[in-house]
Every structure is written in C-alpha cells, then in structure tokens.
Amino acid sequence: MGETLTREHAIGRLDQIPRGEGRNFDVAGRTVAVFRTHADEVFATQAECPHLGGPLADGMMGGTTIMCPLHDRMYDLRTGAVLMGECPIRTYPIRQATDGTLLLEVG
C-alpha cells in the first residue's frame, strides 16, 4: 500500500522566534519558515514566496497572515491560501511540546 511516512523533527524552541516574526530552519533537507504570532501561535510554511522567491520569514506579519517582503503577495499562515497574488504556499504541521520545543512534521 502507498503509505506516506511522516516524522516530527525538533527544530528549536519557541523563544528563539520573537513574537510577530519568522525564522528559517533547515529540516530534513529543506528550508522551512516558522512564524510566531503575537498570541504565541506557531505556523510553518515553505521558505520562499512562489512568485519570485522572496524570503517569507522576512515578511510583515499581521495576525495569521504573512506578506512577502518583495512584492506584497499575502498568504494565510494557517492554510497557505493566497490572499493577494496568484499561487498558494505549502504549510507544514507544527506544534509546541510542553517544554517549549517546536516539533515540525515533514512528509
């Protein structure tokens, strides 16, 4: 049967990411952007904007949205849906363990 295996990777601690900002992490051979909202929610997406490769972790956050710093493409961090632009972005399941460690799931 075609079963997809996923695995959680410990990538760091929540306190490594300031509130309202994003940081890039290398996980299982790919770069992932991880965002911490002002409400301490955590989201993970592909690192580059699909438009022209802008660094999403450097974008401006507003609640649960991120705006690419290059050309104002805007995305929903919860779903990856495009709010302003053409293409959605990939999101990854992420959670915070009780000790503050961030656990990212990649397939």
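Here are the numbers:
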| item | result |
| --- | --- |
| Net +/- balance of residues flanking residue 21 in space, Cβ distance below 14 Å, scoring K and R +1, D and E -1 | -1 |
| Whole-angstrom gap from the range 9-26 to the range 72-99, using each part's C-alpha centre | 15 |
| Where GluC sites (Glu not before Pro) in DSSP loops with at most 12 other Cβ within 10 Å are excluded, longest remaining stretch of the chain | 4-85 |
| The range 1-69: trypsin sites (Lys or Arg not before Pro) in DSSP coil with no more than 16 other Cβ atoms inside 10 Å | 19 |
| No Cys partner within the rule (Cβ under 4.7 Å), the chain | 87 |
| Radius of gyration and maximum dimension Dmax of the chain, Cα, Å | 13.4, 43 |
| Positive minus negative residues near residue 52 (Lys, Arg vs Asp, Glu; Cβ under 12 Å) | -2 |
| FRET efficiency, residue 86 to residue 26 (Cβ-Cβ, R0 25 Å, nearest 0.05) | 0.35 |
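Just so you know, all these numbers are worked out from the coordinates, no wet-lab data involved. If you're wondering where the values come from, they're calculated on a predicted model, not measured in any experiment. Every residue, glycine as well, gets a Cβ built from its backbone with ideal geometry; the counts of neighbours run over all protein chains shown.
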